[in-house]
Amino acid sequence: MRTTRALAACAAAVAAVGLAAPTAAAWDQPSSVTAAPSVIAPGGKLLITVNGSACTIAGSTVSSDVFPTTTLTSMGGNTSTANPTVNSNASPGVYRVTTMCEGRTKEFSSVFTVIGGVRGGLGGSSSTGATPTDMAIGGGLVAAAAVGGGVFWLRRRSEKRI
């Protein structure tokens with residue numbers, strides 16, 4: 001009688017483990033994440049594309065260190081997209097994207113790169129009006145044009161006399 005109980009308990013344990021095995025398998029959704037453009041300046045708008053049927057369900061999101069959590073929109077089939085804007089103060093570098101689908105997260109590294117912005121400044125426009133150097137250069141150019149025009153006019157005039 002004890003052997004029967006032991007076999008029944010083992011059978012129940014094996015059945016429980018067998019039924020739980022599919023849920024314990026590794027979650028492989030979504031399969032890939034891409035960004036367009038893959039290189040972007042701070043403040044730019046990205047198109048994040050996620051492939052995987054798990055992320056076509058309402059409430060799925062993507063997030064990164066340089067843009068806020070953004071809701072994915074199903075595009076039909078196994079594809080979803082989002083259009084986040086990269087923070088204007090994002091530091092240059094390579095960034096990852098984290099997906100949240102069916103209540104589970106999956107991280108994809110090296111999805112897009114933020115490049116450094118152009119450092120604008122006053123440059124040569126910090127002075128007001130023309131400097132003495134500017135005036136000398138401008139005067140020289142005007143004088144050269146006047147002399148060249150006079151020589152050309154005198155040569156054309158002398159050709160008509162012959």
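The values are calculated or read from the model by the stated rules, or taken from the named source; none is laboratory data. These figures come from a predicted structure and were not determined experimentally. We place every Cβ from the backbone using ideal geometry, glycine too, and count neighbours over all the protein chains shown. Areas reflect the complete protein model, heavy atoms only, side chains present, ligands, DNA and RNA absent. Shrake-Rupley method; radii C 1.70, N 1.55, O 1.52, S 1.80 Å.
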Residues of the stretch 81-91 satisfying the condition of being part of a strand (DSSP E or B) and touching a residue at least 40 places away in the same chain (Cβ under 8 Å) | THR85
Being assigned to a loop (DSSP other than H, G, I, E, B) and more than 21 Å from VAL39 (Cα to Cα) is the filter here, so list the residues in the stretch 54-71 that pass it.
-> ILE57, ALA58, GLY59, SER60
Could you list, in sequence order, the residues of the stretch 28-50 that are more than 8 Å from the chain's Cα centre (by Cα) and open to solvent by 60 Å² or more (accessible area, probe 1.4 Å)?
-> ASP28, SER31, THR34
